[in-house]
Amino acid sequence: DPSVPPSGVSCSGCGAELQCRDGAAPGFVPAAKYRSLSEGPGGAAGLRGAVCQRCWQLDRYGRALRVQLPPEQHRQVVSAALRGPPRHGRGPLLLYLLDVTDLPDPVLPQLPGLLSPDVPVAGLLVVANKVDLLPADRPGHLGRLRRRVEEACAQAGLRGTQLVDVRLLSAKTGFGVEGLVSRLQHSWKCAGDVYLLGATNSGKSTLFNTLLRSDYCKSRAFDIVKRATVSSWPGTTLNLLKFPIINPTCDRIFRRQERLKEEATKTEDDLSSEEKKYLNQLKKQGYLVGAVGRTFQRQRASTEIDFDPDMLSYSVDEEPRQVPKKHEEREEFSHNEVKDARWCFDTPGIIKENCVLNLLTEKEVKLVLPTYAIVPRTYILRPGMVLFLAALGRIDYLQGEKPAWFSVVASNTLPVHISSLNNADATYEKHAGQELLKVPMGGEERMKEFPPLVPQDITLKGISTTEAVADIKLSSAGWVAVTAHAGEELLLRAYSPQGTAVVVREPPLLPYISTVRGARIPGTVAYRTKKPPSLVENLKTTQTR
């Protein structure tokens, strides 16, 4: 209904202003629903806590509705928030999230522009998310991952007083989150606001929701603030979402430390059946798991049953009367609770340029983005052989004296197909868009609009039969770690869709990944897969003999 003005109320899922004027614009609510919520005694206030149609579809059905929001508008929202006058006399802390599986982060080099002198930012804390998806290729792999992130920060020009710290965590499984909360409360305390920044699909909204149920937010916020909408579809958050940060007084920090000490003495056997069930679910999803608890629980008032006996009584000649539903008051923060509050903001994700995800449909994105622990797949190839990663990437082994190992680190739902160089082009022509290569999907019609694969020649020199020399990163579809004999020179040709980037990552992210494998499958170039066990943080390991 174009005649209805915008509401001035934000969607509690994505932050967009709720409206019923334009179905293709952010914040759209169907006009009939909009009127039913806004025409009550509270007027537009009746929309508080509501979500737009897009968030409803994402949350209930996992379907994404396309909205007209260009990348420049995402940047404007973030930039406008950061360039505002400092609150409480101090600039905000930026919590920048990057997807550790997508290093080098394409947005990280843009951060120095946000940290220009006219932006009063007090500091930057870089958080490498999704570490739970990567298997440990050798003891100490987390230390190596941290060093890779620190190197990426240095290459992006982030160093000195700007960069406060680098943390590794999983917003989904909770690994490292308690450590992040402790770091924020001890060093940043409640000095100013905190902004979650990062590229699309880096996990900002997931971390926002995880922090919402942690000791980092006020105890009442968990019941009042709605959770952010989380989806694999890029650009889910369209405006700012926020929750109030708790003031970490000495007493609160002491009580929190006591809780963490007590939990660290527990084993899995001490957990309740419900806690064990939840822990086992997380173990299936990631290699690294951590519980996120709450020290400061809000005391809930006992529920009172209110009824009118006259409304419940009726004669045998009367029909039972419908009891009118009592209007439920929505909880709100009091003025005193928020007048001096510091806030944690979730911001819109910055769209990654030259990214293969921008070319994919909603169903294809779900297949490409890993949501469960990645199980590496290793193949031993000779010169003249080709490896396909779905129809999104291809690596030709053109020249070399000996076989080499190619370890695929990508979503477990993406197929890998091995072919000969002579048959590779015909294989792609026949099976791109079909079940064998799976993504893209939709047959010949889909492939007509999908850009062709573009080649890039790569020369590598082997280190050893157990240590990879480099990763060949096929945009955001995943990467292939190449392991070759010491001194062996390889000529490879890597392909990715036109408009996306192939990156040669040296040194590799997981240099010993080719050793995470089972026995070779007889008569094939493939090895049996091997999934390392999960590690649970903050729980005492049970000693077994």
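The values are calculated or read from the model by the stated rules, or taken from the named source; none is laboratory data. Quick caveat: nothing in here was measured; it's all calculated off a predicted structure. In this analysis, Cβ positions are derived from the backbone assuming ideal geometry, glycine residues included, and neighbour counts consider all displayed protein chains. Heads up: the accessible areas ignore ligands, DNA and RNA and are worked out on the full protein's heavy atoms, side chains in. Shrake-Rupley method; radii C 1.70, N 1.55, O 1.52, S 1.80 Å.
Table for the structure above
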{"read-out": "Whichever lysines have a C-alpha closer than 27 Å to that of Lys189, once near sequence neighbours (fewer than 8 apart) are set aside", "value": "Lys130, Lys172, Lys204, Lys218, Lys226, Lys242, Lys261, Lys339"}
{"read-out": "Pairwise label distance in nanometres, Glu353 with Thr371, each label 7 Å out on the Cα-Cβ vector", "value": "3.1 nm"}
{"read-out": "FRET efficiency for Glu362 and Leu436, using Cβ-Cβ distance with R0 set to 22 Å, rounded to 0.05", "value": "0.50"}
{"read-out": "Burial order of peptide ranges 459-470, 440-451 (average beta-carbon count within 10 Å, highest first)", "value": "459-470, 440-451"}
{"read-out": "Cα-based reach from Lys276 at 16 Å (exclusive), listing lysines while leaving out same-chain residues under 8 positions away", "value": "Lys266, Lys284, Lys540"}
{"read-out": "Surface accessible to a 1.4 Å probe, Ser36 within the full protein complex, Å²", "value": "80 Å²"}
{"read-out": "Highest-first arrangement of 488-496, 345-353, where packing means the average Cβ count within 10 Å", "value": "345-353, 488-496"}
{"read-out": "Arg505-Arg48 pseudo-label distance in nm [points 7 Å out on the Cα-to-Cβ vector]", "value": "4.5 nm"}
{"read-out": "Inter-label distance, nm, simple model (7 Å from Cα along the C-beta direction), Arg255/Ala24", "value": "5.3 nm"}
{"read-out": "Protein-only accessible surface order, largest first, of Thr371, Thr210 at 1.4 Å", "value": "Thr371, Thr210"}
{"read-out": "Violating pairs (Cα-Cα greater than 26 angstrom) within the set Lys438/Lys530; Lys402/Lys531; Lys366/Lys530; Lys283/Lys366", "value": "Lys402/Lys531"}
{"read-out": "Inter-part distance where the range 138-203 and the range 428-459 are each reduced to a Cα centre, Å", "value": "36 Å"}
{"read-out": "Selection from Asn423, Gly518, Pro452, by position along the positive dipole direction of the range 357-535 (Cβ)", "value": "Gly518"}
{"read-out": "Derived scalar couplings ³J(HN,Hα) [the range 102-112; Karplus, 6.51 cos²θ - 1.76 cosθ + 1.60; whole Hz; x for Gly, Pro]", "value": "10, 5, x, 5, x, 8, 3, x, 7, 4, x"}
{"read-out": "Whole-number accessible area per residue in Å² for the range 357-535, which is evaluated in the context of all protein chains at 1.4 Å", "value": "42 Å²"}
